[in-house]
Structures are given as C-alpha cells and as structure tokens.
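One structure is given below, encoded as structure tokens.
The values are calculated or read from the model by the stated rules, or taken from the named source; none is laboratory data. Quick caveat, the model's predicted, so the values are computed rather than measured. Positions of Cβ are generated from backbone atoms using ideal geometry, with glycine treated the same way; all protein chains shown enter the neighbour counts. Keep in mind that these areas ignore ligands, DNA and RNA; they rest on the heavy atoms of the full protein, side chains included. Shrake-Rupley method; radii C 1.70, N 1.55, O 1.52, S 1.80 Å.
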Amino acid sequence: MKKNQLLSAVGIILFVASSLAAQEKPGTLAGIEFQKPKNGMVPQYEAGRKQKAAWHKEKNDPKPLMVWETLTGDNTGTYLVGRFGMHWADMDKPAISDEADTAEFQKVIGSYVDSVVDRYYDFLHKISNPPAGAMGAPKFSEIVIFHVRYGKGSDFRSAIDRIHEASEKTKWPLNYEWYELANGGQTGEYVLSLPHNSWADFEDKPDVKPFRDMLKEAFGQAEADSIIDRLDHSVEKETSEIIQFRPDLSYLPSK
C-alpha cells in the first residue's frame with residue numbers, strides 16, 4: 001500500500017473509532033413532558049400511567065421512563081414524565097416508534113390529561129455534583145428555576161462555574177445537578193436540582209458551611225462578593241418547587 005493510501009486508511013479508521021466512541025458516551029439531553037391531569041381525574045390518570053408502564057415492559061423498552069409528581073408551587077399537581085441520558089440522534093431511531101407510543105398514550109391516559117408541555121434540557125455535568133454511586137432517583141428533589149436576563153447569560157454561567165469550583169475546592173458536601181433549557185420555553189432558563197431522601201433532609205444542616213461562607217473560604221471575601229453580585233444582576237426571576245419521584249408510575253427496565 002502506498003504511503004498516501006496508508007495515511008488515508010488510518011485517518012478513516014480513526015474517524016470511525018472516534019465517531020463510535022462519541023456515540024457510546026452517555027447523552028446529556030433530558031426530555032421532560034409536563035402533564036397536568038384534568039380536575040378530579042388524578043386516580044384515572046395514575047391508573048393509566050401504570051398501564052403505560054406495563055406496556056413499555058411488554059415491549060421490552062430498554063430505556064427507563066421516569067415519573068415525578070409536583071408537590072409545591074404554581075405547578076402543584078403536574079406530573080413530570082422524562083427520559084434522561086439521551087443524544088438528539090436517539091430520537092431518530094427510538095426503540096418504540098413515536099406513532100405507537102402516542103397511540104398507547106391516547107388509549108390509556110389521553111382522556112384524563114388537561115395539558116401536555118414538552119421541554120428538552122441539557123444536563124451540565126461539568127458543574128454538577130450528583131450523589132456518588134446513586135442507583136436511582138431520590139425520593140424528593142428540590143427544584144430551583146433561574147430565569148436569566150437577556151444578555152446576561154455569560155455572567156450567570158461564569159458565576160455558577162465559580163460556585164462549582166468553590167464547592168470542589170472546599171469539599172462542600174452538598175449534592176446538586178444543573179440543567180439548561182435547550183428547547184421548549186423561554187430562553188435563559190437554568191434548573192438546579194437538589195436531592196432529598198426524606199422530609200427531614202430539608203432541615204438546615206448546622207454541620208454544613210453556609211453558601212456565602214463556603215465561597216469566602218474558597219476565594220476570599222472580594223471574589224465571593226463578586227460572584228454573588230454577578231448572580232444578583234443576571235437573574236431576573238427565581239422560583240422553587242418540590243417534586244416527588246413516583247416509582248409506582250415509572251417504567252424501570254430490569255437489567
């Protein structure tokens with residue numbers, strides 16, 4: 001084989017190998033449906049969700065379908081139905097066709113749903129600190145939603161990047177996950193998810209250094225004040241809610 005042909009062949013092999021490696025990496029895309037049951041039809045809705053989970057089991061769906069119930073805030077009573085760890089390309093070749101999935105949804109759930117809103121979020125793994133070795137979703141999640149002012153996205157991102165850096169530097173023991181809205185709503189939306197395994201876990205923890213003190217320990221008072229200032233001036237609105245994981249309504253494929 002001539003030298004140029006050899007180099008070309010090697011290049012093709014490396015390209016294919018890198019492409020396969022990229023495909024094997026877990027995706028960062030989370031697809032969430034916000035489903036609001038009709039008034040008075042929560043029992044029927046939940047029964048339908050159980051039927052839908054059983055249907056996914058019958059179809060040997062390889063991907064989990066997770067369900068949460070919103071307990072507090074303006075969206076109280078809304079159910080979150082989501083898949084995580086996806087690539088955009090995964091939706092071109094779903095294990096179950098969109099047509100079949102939609103037909104089953106309409107058959108067992110659709111009559112009991114008042115509204116459905118689809119949104120996609122990008123998991124920001126580089127600035128997240130999920131629980132180590134977690135095998136499933138926590139019982140509760142505290143959800144804090146930040147709406148960033150137009151043109152202030154870089155300020156907000158630099159602030160939360162530094163907060164994560166401070167958390168790692170000080171070995172701050174709190175766990176958290178960051179998500180950015182990719183499509184399906186107002187741009188500039190960031191979601192902070194804080195896991196809790198019980199109601200008692202929401203109590204203030206006297207043995208955990210407060211947020212501002214943690215920043216001060218990591219970078220000194222001046223930089224801590226700068227980070228807080230960037231947050232204050234970049235965030236237009238902040239809301240919070242608590243969601244509860246519903247394993248009884250979820251589809252969790254056995255390994």
**OP:** Inspect region 69-78 for any residue being in contact with a Phe, Trp or Tyr (Cβ under 6 Å, 6 or more places away or on another chain), of a type in the set (A, V, I, L, M), touching a residue at least 24 places away in the same chain (Cβ under 8 Å) and under 30 Å from residue 238 (Cβ atoms) and give the result as yes or no.
**Re:** no
Subject >> Any pair with Cβ under 8 angstrom, 6 or more apart, that starts in region 158-172 at a residue that is at pLDDT 95 or above and ends at one that is in a loop (DSSP other than H, G, I, E, B) >> reply: 164/128; 166/172; 167/174; 170/209; 172/208; 172/209
Original post:
Being assigned to a strand (DSSP E or B) and either open to solvent by 40 Å² or more (accessible area, probe 1.4 Å) or without any contact (Cβ under 8 Å) to a residue 40 or more places away in the chain (or both), is that true of even one residue in region 87-108?
Top reply: no
**OP:** Go through region 69-84 and give me each residue that's small (Gly, Ala, Ser) and surrounded by fewer than 17 Cβ atoms within 10 Å (Cβ to Cβ).
**Re:** 73, 77
Original post:
Could you give every pair whose Cβ atoms fall below 7 Å, whose first residue belongs to region 208-220 and is of a type in the set (Phe, Trp, Tyr), and whose second residue is part of a helix (DSSP H, G or I), counting only separations of at least 6 or pairs across chains?
Top reply: 219/166
**OP:** Just name the residue that is least open to solvent (accessible area, probe 1.4 Å) out of those in region 42-68 that are part of a loop (DSSP other than H, G, I, E, B) and out of contact with any strand residue (DSSP E or B) (no Cβ under 7 Å at 6 or more places or on another chain).
**Re:** 62
**OP:** Quick one: in region 216-237, of everything that is within 29 Å of residue 132 (Cα to Cα) and under 25 Å from the mean Cα position of the chain (by Cα), which residue is least open to solvent (accessible area, probe 1.4 Å)?
**Re:** 227
